[in-house]
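Novice: The structure's right below; bear with me while I get my questions together.
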Amino acid sequence: MKYVYNFGDGKADGKADMKNLLGGKGANLAEMNLLDIPVPPGFTLTTEVCTEYYKNNKSFPNELDNEVRDCLSSVEAIMNTKFGDENNPLLLSVRSGARQSMPGMMETVLNVGLTSKTIPGLIKKTNNPRFVYDAYRRLITMYADVVMEKAAGIEPKEGNGIRQKMEHHLSTYKNENNLINDTDLSENDWIAVIDIFKNEIKTTLGSDFPDDHNAQLWGGIEAVFKSWNGARAISYRKIENIPEEWGTAVNVQTMVFGNTGENSATGVAFTRNPATGENKFFGEWLTNAQGEDVVAGLRTPNPLNEDTKTNETKNLPSLEESMPDIYNELYNIRTRLEKHYSDMQDIEFTIEDGKLWMLQTRVGKRNGSAAIKMAVDMMNENMIDKNTALMRVNPNQLDELLHPALDTDSEQSAILLTKGLPAGPGGAKGRVVFTADDAEAWNKKGEQVILVREETSPEDVHGMHAAEAILTARGGMTSHAALVARGWGKCCVVGCNELNISVDKKEMKVGEVTVKEGDWVTMNGALGKVYLGQLDLTPADPDENQEYKELMRWADETRKLKIRTNAESPDDAKQAIKFGAEGIGLCRTEHMFFDEKRILAMRKMILSDSEGDRRDAVMGLLPFQKEDFKGILKAMEGKPVTIRLLDPPLHEFITLDDDQINELANNIGIDASIVSQRINSLHELNPMLGHRGCRLGIAYPEITEMQASAILEASAELTNEGVNVNPEIMIPLVGAVAEYIDQEKIIREVATKIEKQYSLTLKYMVGTMIELPRACLTADEIAEHAEFFSFGTNDLTQTTYGFSRDDIGSFLPDYLDRNILPGDPFQSLDVNGVGKLVAMAVKLGRDVNSTLKIGICGEHGGDPESIHFCKNIGLDYVSCSPYRVPIARLSAAQAELD
Ligand code: PEP
Ligand code: MG
């Protein structure tokens, strides 16, 4: 097996489609070589090395050493230098590179190869001792942090890591010597600082910083492999569903320096604007700096060109103005790379003494609206075809377009706290917290939080995920927080340099204003503004977005699955139609009973002990229900509307305190103790498996009668008014065909009566939910009677797995941590188990009833992966909440193309 792949000087062992083996970075470095784009030569240790390393108790394959040595010789030959040589030393970078980009989640060590032996040689060669010592202190900082601390498994308390200690020493040194920026430090200053660093390493970590180039190289390589299993990489993998087995590759590459003087620079760019999708070259750069300075947001970067300038950066020098020839060369590479990959690229470059080097190209992360614009534009530019354009947008990214923005009126009168860079979309409000752990803990308690951090540490990912939005004091548009937030479509403002944050005191200050932990702030991610307090958010209106409309039109032309929505009110129904819903797949009628006027009649009904009283109470609800159904049927303009008969356990309506019991007793004219007694008698040990679903209508037929009358009278009256209606009456939680037959009979009798009364023929259907394993197993029997099936996969998951849908939260995290479940089965359908039942029921049902209409209305109906499954087993439609309708439309189109 070959473990190491070379690249350099226009040649490479690998290429772009070898990402699984070489990681994204390694594969693209190889490809750029093949395209004759200038890339510092180097080599890639494959992801298989990583897998072997972990399989063999953290030891490397025997052949690795030789292969690395061979590759190193090739690099030395190209560069005409030698690793560890005292006159002409080669310096190396060691970086991670997984199959899928995991920005900042793993480790990097730069400037490897600087030792007491090589330093004098490099000084002689560069004639720049200050630069050499600056590079050395960077190596020491990174190496101590990454190799000697993290990879060694040392976990210091927050703020107490070796890196922070060294940073602290550096600021103390600067303060004592009246130096402001790192660039103010001279050669001798760095020599003094390096001495302090080395002492600190010895004291804190108990060993010396290694003075041997090979020890540094192998220390770096092993640390990067170890970082695959570092806390933040694991946390990111979980969120992004990246399998643990993939492993990372390691890229070892010749160092090129953007910090050798004013003729050197480094930068990050996107071939199109990743925030808006505009076809404009977009980026940031810094003179006399190393790449980490741009990405880590330690210095505020300059705009790449005119197109990148904003009001805040309009007076800063662009690369276009400062180094026009290099800018042109870079622009040319931008065009070639985008054309070659047919997608927007995120690139990193370094200029060393006037020579341009490309360090990375990869498909750039982008937010939702940018993804849509790029896909539609690239199709119109003939760069990609329509199907590729449809596949380019992750359906979940549409969520951002559907996200609320700040209400303009309320924003105008709001108190502006501060302003930064607009790094993530939409508006968000929440209570301020200052650590990622707090964000996660508060979120678990049900609080909406905004995570505020000094800068953008990848260790914060779990908190960033839990937060509504992210706010940082430092960092640019390409900083880590910005990239991560954009990838998730999360509201984010970075680089608010007025913010003075104290994590210890759990507060932040802007001038005289103090915001403490738990205080509310509201953010406008599109403008980069942060306001005090809670502002109104307005719902999104994607219809304003032409590219979105175009992409959705293509999706609708492509998909065959119909998309419906779960809605109980005419307003929700109208919203869903705006989003493209083609019907209602689930109207949960019990939600209509919680209104103050109705709940009393409902409670009277539940507490009656004679059929006569119960019938009176139930029929009191009929006029209300009829109005509800009229509203919804009218709003849906003849589209199918599936209305489910009463489903939940009755005790949900009678969870009352003493005052409410007294009030109810007064109201219905019986003693409070009798009310209490009756409530107690309805108590069930397992209500979800108790008296609910069609079992209610079987015990209390008058409920079914009333609901069927309300639906069908509403339909008859609307029909007479000339309104088109299409009701589908759905019987819940059927497990045996006899239950279905019992309830259907009541509905059909009501229908006959109403048809006579209104002198018309009603167009309606009767069908059932399939949410019990027994219903799946006997679907053929049920399908002989039912006109439609709708899979209630929430209950079906609950009853198949035996996981209570309300209680799974207490043990699910353990299941996920230990890989016992791949994900939450209530979010994405368990295809192997629940899915098998669903597929079986579809087949059994259709075999006896070929016109059986089949859909799904559990939460899975809005989940892209589950939608693929629904298409594959031949469902007619999926139904989901109104805000997921566009996501379902695109997913259904992608399912056709897969
Ligand atoms: C279901 O069980 O999947 C369903 C849609 O019904 P509910 O969530 O109301 O139980
Ligand atoms: Mg259900």
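Novice: What are the residues in the stretch 408-420 that are crowded, with 16+ Cβ neighbours inside 10 Å and of a type outside the set (S, T, N, Q), if any?
Specialist: Across the stretch 408-420, the qualifying residues are E411, A414, L417, K419, G420.
Novice: Can you find a residue that is under 24 Å from E329 (Cβ atoms) and assigned to a helix (DSSP H, G or I) anywhere in the stretch 13-20? Let's see the steps before the verdict.
Specialist: At the first step, the residues of the stretch 13-20 found to be under 24 Å from E329 (Cβ atoms) are 15-16.
Narrowing the set further to residues that are assigned to a helix (DSSP H, G or I) leaves none.
Among the residues of the stretch 13-20, not one is under 24 Å from E329 (Cβ atoms) and assigned to a helix (DSSP H, G or I), which makes the answer no.
Novice: Name every residue in the stretch 843-863 that is without any contact (Cβ under 8 Å) to a residue 40 or more places away in the chain and either assigned to a strand (DSSP E or B) or surrounded by 19 or more Cβ atoms within 10 Å (Cβ to Cβ) (or both), in order of residue number.
Specialist: Answer for the stretch 843-863, where residues must be without any contact (Cβ under 8 Å) to a residue 40 or more places away in the chain and either assigned to a strand (DSSP E or B) or surrounded by 19 or more Cβ atoms within 10 Å (Cβ to Cβ) (or both): G862, D863.
Novice: Filter the stretch 7-55 for residues that are closer than 24 Å to K226 by Cα and among the charged types (D, E, K, R) and give the result.
Specialist: K19, K25, E48, E52, K55 - these are the residues of the stretch 7-55 that are closer than 24 Å to K226 by Cα and among the charged types (D, E, K, R).
Novice: I've got another one for you. Scanning the stretch 710-764 for residues that are within 16 Å of ligand 2 (Cβ to nearest atom) and in a helix (DSSP H, G or I), which turns out surrounded by the most Cβ atoms within 10 Å (Cβ to Cβ)?
Specialist: So, considering only residues that are within 16 Å of ligand 2 (Cβ to nearest atom) and in a helix (DSSP H, G or I), the one surrounded by the most Cβ atoms within 10 Å (Cβ to Cβ) is Q743.
Novice: Kindly establish whether A540 is at negative phi, assigned to a helix (DSSP H, G or I), in contact (Cβ under 8 Å) with a residue 40 or more places away in the chain and in contact with a strand residue (DSSP E or B) (Cβ under 8 Å, 6 or more places away or on another chain).
Specialist: no
Novice: Search the stretch 344-365 for residues being in contact with a helix residue (DSSP H, G or I) (Cβ under 8 Å, 6 or more places away or on another chain) and part of a loop (DSSP other than H, G, I, E, B), and hand back the single one that is surrounded by the fewest Cβ atoms within 10 Å (Cβ to Cβ).
Specialist: Across the stretch 344-365, the extreme among qualifying residues is G354.
Novice: Restricting the stretch 36-73 to residues that are acidic (D, E) and over 20 Å from G113 (Cβ atoms), which is nearest to the chain's Cα centre (by Cα)?
Specialist: Taking the candidates together, the pick is E48.
Novice: In addition: Sort through L621, L656 and tell me the only one that's more than 16 Å from ligand 2 (Cβ to nearest atom) and either in a helix (DSSP H, G or I) or within 30 Å of D898 (Cα to Cα) (or both).
Specialist: L621
Novice: Looking at L551, is it surrounded by 17 or more Cβ atoms within 10 Å (Cβ to Cβ) and not in a helix (DSSP H, G or I)? Before you say what the answer is, go through the steps one by one.
Specialist: Details: surrounded by 17 or more Cβ atoms within 10 Å (Cβ to Cβ): yes; not in a helix (DSSP H, G or I): no.
No: the conditions fail for L551.
Novice: Also, quick follow-up: In the set I123, I154, which member is aliphatic (A, V, I, L, M) and part of a helix (DSSP H, G or I)?
Specialist: Result of the check over I123, I154: I123.
Novice: Please pick out the residue among V838, V842 that is within 13 Å of ligand 1 (Cβ to nearest atom) and of a type in the set (A, V, I, L, M, F, W, C). Talk me through it step by step, then tell me what you get.
Specialist: Details: V842 fails: within 13 Å of ligand 1 (Cβ to nearest atom).
Being within 13 Å of ligand 1 (Cβ to nearest atom) and of a type in the set (A, V, I, L, M, F, W, C) holds for just one of V838, V842, which is V838.
Novice: With respect to E568, is the statement that it is part of a helix (DSSP H, G or I) and within 16 Å of ligand 2 (Cβ to nearest atom) true?
Specialist: Answer is no for this residue.
Novice: Quickly run through the stretch 817-876 and pick out the residues that are small (G, A, S) and within 17 Å of G802 (Cα to Cα).
Specialist: Once the filter is applied, which keeps residues that are small (G, A, S) and within 17 Å of G802 (Cα to Cα), the stretch 817-876 yields G823, S828, G833, G835, G858.
Novice: Take the residues in the stretch 800-823 that are free of Cβ contacts under 8 Å to residues at least 60 places away in the same chain and touching a helix residue (DSSP H, G or I) at 6+ places or on another chain (Cβ under 6 Å), then tell me which one is farthest from ligand 1 (Cβ to nearest atom).
Specialist: L821
Novice: Taking G159 as the residue in question, decide whether it is within 38 Å of the chain's Cα centre (by Cα), more than 26 Å from L90 (Cβ to Cβ) and exposed (fewer than 15 other Cβ atoms within 10 Å of the Cβ).
Specialist: Taking the combined requirement at face value, the residue satisfies it.
Novice: Now a separate question. For residues that are of a type in the set (A, V, I, L, M) and not in a strand (DSSP E or B), scanning just the stretch 525-537, find the one that is surrounded by the most Cβ atoms within 10 Å (Cβ to Cβ).
Specialist: L535
Novice: Return the residues of the stretch 510-527 that are modelled with pLDDT under 95 and closer than 27 Å to R884 by Cα; say none if nothing qualifies.
Specialist: If the condition is that a residue be modelled with pLDDT under 95 and closer than 27 Å to R884 by Cα, then N524, G525, A526, L527 are the ones that fit.
Novice: Restricting to the stretch 499-508, name every residue that is surrounded by fewer than 16 Cβ atoms within 10 Å (Cβ to Cβ) and under 12 Å from T418 (Cα atoms).
Specialist: Once the filter is applied, which keeps residues that are surrounded by fewer than 16 Cβ atoms within 10 Å (Cβ to Cβ) and under 12 Å from T418 (Cα atoms), the stretch 499-508 yields only N500.
Novice: Would you mention how many residues in the stretch 812-842 are aliphatic (A, V, I, L, M) and in a helix (DSSP H, G or I)?
Specialist: Summing the residues that are aliphatic (A, V, I, L, M) and in a helix (DSSP H, G or I) in the stretch 812-842 gives 9.
Novice: Another question, if that's okay. Can you tell me which condition D13 does not meet? The list is (1) buried (at least 19 other Cβ atoms within 10 Å of the Cβ); (2) without any contact (Cβ under 8 Å) to a residue 60 or more places away in the chain; (3) under 20 Å from D65 (Cα atoms), and all the others hold.
Specialist: Every listed condition holds for D13 apart from (1).
Novice: Test each condition in (1) away from ligand 1 (no atom under 12 Å from the Cβ); (2) of a type outside the set (F, W, Y); (3) in a strand (DSSP E or B) for S879 and report the one that comes out false.
Specialist: That leaves (1) as the condition not met.
Novice: Just give me the residues in the stretch 765-811 being within 13 Å of ligand 2 (Cβ to nearest atom), in a loop (DSSP other than H, G, I, E, B) and modelled with pLDDT of 95 or more, in sequence order.
Specialist: The answer is E771, L772, G792.
Novice: Look through V750, V734, V725 and report the one residue that is within 16 Å of ligand 1 (Cβ to nearest atom) and more than 36 Å from the chain's Cα centre (by Cα).
Specialist: Unique residue meeting the criteria: V734.
Rundown of residues vs (1) aliphatic (A, V, I, L, M); (2) surrounded by fewer than 20 Cβ atoms within 10 Å (Cβ to Cβ); (3) within 16 Å of ligand 2 (Cβ to nearest atom), yes/no style:
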position	(1), (2), (3)
K836	no, yes, no
E865	no, yes, no
C880	no, no, yes
Q894	no, no, no
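Novice: Exactly one condition in (1) surrounded by 15 or more Cβ atoms within 10 Å (Cβ to Cβ); (2) within 39 Å of the chain's Cα centre (by Cα) is false for S171; which is it?
Specialist: (1)
Novice: Suppose we keep only residues that are among the small types (G, A, S) and closer than 24 Å to T565 by Cα within the stretch 624-678. Which one would you say is farthest from ligand 1 (Cβ to nearest atom)?
Specialist: G638
The values are calculated or read from the model by the stated rules, or taken from the named source; none is laboratory data. What you see is a predicted model; the values in this text were computed from it and never measured. FYI the Cβ positions are ideal-geometry reconstructions off the backbone, even for glycines, and counts take in every protein chain you see.
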